[in-house]
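Q: The structure's right below; bear with me while I get my questions together.
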Amino acid sequence: MISCFFFFFFFQAEDGIRDAQESRGLGDVYKRQYQRRVRGFPSIPMPSRERTQVVRFTYELAGIKKKKRGRKKKQELEVSKVVGAKKEGNKNFFKLRWKGFTPKDDTWEPATNCSCPKLISAFKEKEKKKEKRQKAVAKKKEKAKATSKATKPRAKKGTKKAARAKVTMKKAPAKRSGTKPARKTTATKPAKKAVAKSAAAEAVDEKATGVAGCEVVGEYNAKLHYINLEENSDKYFVIQVLAGPGQATYLYTRWGRSGTDGQQELTAMGRDDAIAGFKTKFKEKTGNEFGSDAPHQEGKYQSIITGLPALAPGVWEYNLAAPMDGMPAGWHPYHPSAIPIVEEVFVEWKNNPGAGLDVRCVQSGHYSYRVSFDKMQQTNLQTNKTRPIRRLSEQPTR
């Protein structure tokens, strides 16, 4: 009987599998057949079985984005500034510097294609200032030549002194009797040499060391400046050819930030080599030949006029709008060490009108200042505090 039970159970199971409508699987068939066999008996709870849901996982690689199909956008370039202008026929062209590119990438574009009126007007104003500066420099050179010619002694025509001078120049001193020619030669020549020595000694850089007894050779004396207010940069470069005692010749250079003594170098060499080195260094810094009237090149040093008569010494003061550090509001004198620094750049501004020296960045102690002589105010670049300043020709009485 036991064998018949198992046979019947198996047969029903197979029959249940064939019945697709009643059966949902082999396990379900076994469950229904078991419940039929034990009918009339207390129901035996069957363990419930829940089907697990399938979880699908998706993975995305970091940093990889799907490319969007479509037309590529054209790169839009922005003009940084206008650096040149020219005219070909009836058309005007401007040389443009593009933002994010080097000067090698500058291009000439017709004026009709340029949509930057503010940059073009700024360029034209800058060119006007350059022309004014060149005219001022030319006038000063003409005045200097006129004054040098006026200082030379000239004998008046028709006078007895002029006639005597002509006689002494034509005749040899040996044929004349007396000591008058000897007095003239010994009295006049040393006096001229003494004047030349004093003028040359004044032209030697004041902060040069180890140049005792040296003189500047000819016109080979230049002071250069590089100013970039956007970078708060204000630098100088001094070049001189010096003749020392005997036949020694030196090439002297000094450079640094305005307001500091900087660094200096003194190199002994032959006269021709020193002059050639001077011209090479001048062209390297300015981009122009020495002695030429070429305009200042952007990004290069600028030569300024030196050797003019110094101004009357002045006293500099700054104004406090409110009491600070125990000092009352009002005008207060500069620190003694800061007065010559500001005075030096002020004199350069006065002697070089239109050269762009009206605003300077100078170093004084641990602080850097931006000094505007047009507005007569100074700004501390570390604290961004701006204060009025003034220059007095005499020491004020307090």
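Q: First measure r as the distance between the Cβ atoms of H366 and R391, then evaluate 1/(1 + (r/R0)^6) with R0 = 30 Å and state the FRET efficiency to the nearest 0.05.
A: The calculated FRET efficiency here is 0.80.
Q: From the backbone phi of the stretch 212-225, what are the Karplus-calculated ³J(HN,Hα) couplings (6.51 cos²θ - 1.76 cosθ + 1.60, θ = phi - 60°) in whole Hz, Gly and Pro given as x?
A: Once rounded to whole Hz, the list reads 4, x, 8, 10, 6, 7, x, 9, 7, 8, 9, 10, 10, 9.
Q: Calculate, in nm to one decimal, what A248 and W331 gain on full extension: separation in residues at 0.36 nm each, minus their alpha carbon distance.
A: 24.8 nm
Q: Still on this structure: Ordering I120, I227 from largest to smallest accessible area (1.4 angstrom probe), what's the sequence?
A: Per-residue accessible area, sorted high to low, gives I227, I120.
Q: Let me check I've understood the local charge: for M376, count other residues with C-beta under 15 angstrom from its C-beta, Lys and Arg +1, Asp and Glu -1. What total comes out?
A: +3
Q: Between R271 and A294, how high is the FRET efficiency from 1/(1 + (r/R0)^6) when r is the Cβ-Cβ distance and R₀ = 22 Å? Nearest 0.05.
A: Calculated transfer efficiency: 0.25.
Q: Residues of the stretch 327-372: accessible area per residue at 1.4 Å, in Å²?
A: Computed with neighbouring chains in place, this is 45 Å² per residue.
Q: Within 15 Å, Cβ to Cβ, of T209, how many net charges do the neighbouring residues add up to if Lys/Arg are +1 and Asp/Glu are -1?
A: -2
Q: Hey, how many Å between the Cα centroid of the stretch 363-384 and the Cα centroid of the stretch 323-352?
A: Each part's Cα centre sits 10 Å from the other's.
Q: A follow-up question, please. Share of the stretch 197-341's accessible area from carbon and sulfur, percent, 1.4 Å?
A: Heavy-atom surface of the stretch 197-341 belonging to carbon and sulfur, 1.4 Å probe: 52 percent.
Q: How far apart, in nm, are the 7 Å Cα→Cβ label points at K81 and N232?
A: About 1.9 nm separates the two model spin labels.
Q: HN-Hα J couplings of the stretch 227-239 from phi, Karplus 6.51/-1.76/1.60, θ = phi - 60°, integer Hz, Gly and Pro as x?
A: 3J(HN,Hα) across the stretch 227-239, in whole Hz: 10, 9, 5, 5, 9, 6, 10, 8, 10, 10, 8, 10, 10.
Q: Quick check: residue separation of A144 and V347 times 0.36 nm, minus the Cα distance between them. What number comes out in nm?
A: The A144-V347 span can extend by a further 71.3 nm.
Q: Moving on. Using a Förster distance of 35 Å, how high is the FRET efficiency between Q377 and Q134, based on the Cβ-Cβ distance and rounded to 0.05?
A: Taking R0 as 35 Å, the efficiency between Q377 and Q134 is 0.75.
Q: Could I ask something else about it? Could you compute how much accessible surface E284 exposes when probed at 1.4 Å, giving the result in Å² to the nearest 10?
A: Around 100 Å² of this residue is reachable by solvent.
Q: At most 16 other Cβ atoms within 10 Å and a DSSP loop assignment: could you name the trypsin sites (Lys or Arg not before Pro) in the stretch 80-124 that fit?
A: Filter output for the stretch 80-124: K99.
Q: Then there's this: Convert each backbone phi in the stretch 339-349 into a coupling constant with the Karplus relation 6.51 cos²θ - 1.76 cosθ + 1.60 (shift: θ = phi - 60°), then list the ³J(HN,Hα) values in order as whole Hz, x for Gly and Pro.
A: 4, x, 5, 5, 5, 5, 6, 5, 5, 4, 5
Q: Run the simple label-point estimate for W108 and N384 please: 7 Å along Cα→C-beta, distance reported in nm.
A: Taking the two extended label points, one gets 4.4 nm.
The values are calculated or read from the model by the stated rules, or taken from the named source; none is laboratory data. What you are looking at is a predicted structure, and each value in this text was computed from that prediction instead of being measured. Positions of Cβ are backbone-derived with ideal geometry, glycine not excepted, and every protein chain shown enters the neighbour counts. What goes into the accessible areas is simple: the full protein's heavy atoms, side chains included, and nothing from ligands, DNA or RNA. Shrake-Rupley method; radii C 1.70, N 1.55, O 1.52, S 1.80 Å.
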